[in-house]
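Engineer: Handing you this structure, nothing more for now.
The values are calculated or read from the model by the stated rules, or taken from the named source; none is laboratory data. Just so it is clear, the structure is predicted and the values come from calculations on it, not from any experiment. When we count neighbours, we look across all protein chains shown, and the Cβ atoms used for this are built from the backbone with ideal geometry, even at glycine.
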Amino acid sequence: MQPLAWDDFRLVRAIADHRSLGGAADALGVNNSTVFRRLNALEKQLGVRVFERARTGYMLTSAGEEMVALAVRMAESIVEFERRVAGQDVRPSGELRVTTTDTIFSHLVAPMFCAFRRKYPEITLDFVIDNRALNLSRRDADVAIRAAIDPPQTLVGRRVATIAWHAYLSTGLAHELKLPLDDAVALTRPPMRWVGLGDPLAMTAGARWMAANVHPDCIGVKVNMVSVLATAIESGLGIGVLPSFIGECIKGLIRIPALRPTSSTGLWVLTHPDLKKAARVRAFLEFFGTELARKRKIIEGEDG
């Protein structure tokens, strides 16, 4: 029997993932007839069916399940090899995939990247701006600037600060309400207006504090992005909580000292252990570890 090729395993996994020839064809960048022909040739070569054809789609046989399991292990081994090879770089050059959130990028680190590019012009930055925690083990990104209480044990890096949250309101709303900003009880009870946090922000330090301290009837608006939250507070929709590195940089917002959410969320600069010795990754970790540490006071709410 002719030896199987890696493309045979990719083909079977793609059909299994999509349960159709059309979906597999799109994923592999070929046409339907090519997938159909290759599958028939593979099954003829093996002498067994890899898929059962059903009304609901292509269903794996036991032989097909074994192929998919092996395909997954092979793909993981390839990614692991790529990480190890990438970790052997000796010069700070080449492409570096960086993931962080939109708010950390916009309100904290964007100017730092300008300085980083000037210092390391041979490193090409590929930003992956995403509020989800991407998988660095799969090389969805090479490095991350991430907010987390504890990062995954599979990653290494440095905690540069603890992200503080504060309560803010606009100057216009402060004049409208005419309430003393040191009355914590009055500020967290009706008829006070608050901007709440919906998913995926519901588990942040600010959202947890609001759930424990702000009367539910105060919350007439909910948002699901920190950037939108900042705009909502600035426009006077209500009081809200923000990371201090955002709130302190928006003119027209007033910090409310009487309302102080506690936070144990750290700001981390992270990578995968296989990549930490790569010159471009090492340059990134050292540069941003130092630059973010210089911003520790505003990140931890000591300024303002």
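Engineer: For the condition among the hydroxyl-bearing types (Ser, Thr, Tyr), surrounded by 16 or more Cβ atoms within 10 Å (Cβ to Cβ) and under 16 Å from residue 204 (Cα atoms), what is the one hit in 227, 263?
Structural biologist: 263
A quick yes/no check of all residues on (1) out of contact with any strand residue (DSSP E or B) (no Cβ under 8 Å at 6 or more places or on another chain); (2) more than 22 Å from residue 23 (Cα to Cα); (3) of a type in the set (D, E, K, R):
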| position | (1), (2), (3) |
| --- | --- |
| 47 | yes, yes, no |
| 50 | no, no, no |
| 56 | yes, no, no |
| 62 | yes, no, no |
| 66 | yes, no, yes |
| 69 | yes, no, no |
| 74 | yes, no, no |
| 77 | yes, yes, no |
| 81 | yes, yes, no |
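Engineer: Report whether or not residue 290 is surrounded by fewer than 18 Cβ atoms within 10 Å (Cβ to Cβ), assigned by TED's automatic domain parsing to the domain that holds residue 114 and of a type in the set (Ser, Thr, Tyr).
Structural biologist: yes
Engineer: Now a separate question. Quick one: in the stretch 197-235, which of the residues that are assigned to a helix (DSSP H, G or I) and among the small types (Gly, Ala, Ser) is farthest from residue 148 (Cα to Cα)?
Structural biologist: Looking at the filtered set, the residue picked out is 232.
Engineer: Answer with yes or no whether residue 217 is among the charged types (D, E, K, R), over 30 Å from residue 291 (Cβ atoms) and modelled with pLDDT of 95 or more. Even if it seems obvious, please write down each step before you answer.
Structural biologist: Details: among the charged types (D, E, K, R): yes; over 30 Å from residue 291 (Cβ atoms): yes; modelled with pLDDT of 95 or more: yes.
It is true that residue 217 is among the charged types (D, E, K, R), over 30 Å from residue 291 (Cβ atoms) and modelled with pLDDT of 95 or more.
Engineer: Kindly list, by first and then second residue, each pair from a residue in the stretch 233-253 that is in the same structural domain as residue 197 (by TED's automatic domain parsing) and of a type in the set (Asp, Glu) to a residue that is part of a strand (DSSP E or B) and crowded, with 20+ Cβ neighbours inside 10 Å, limited to pairs with Cβ atoms under 7 Å and residues at least 6 apart or on different chains.
Structural biologist: 234/170; 234/253
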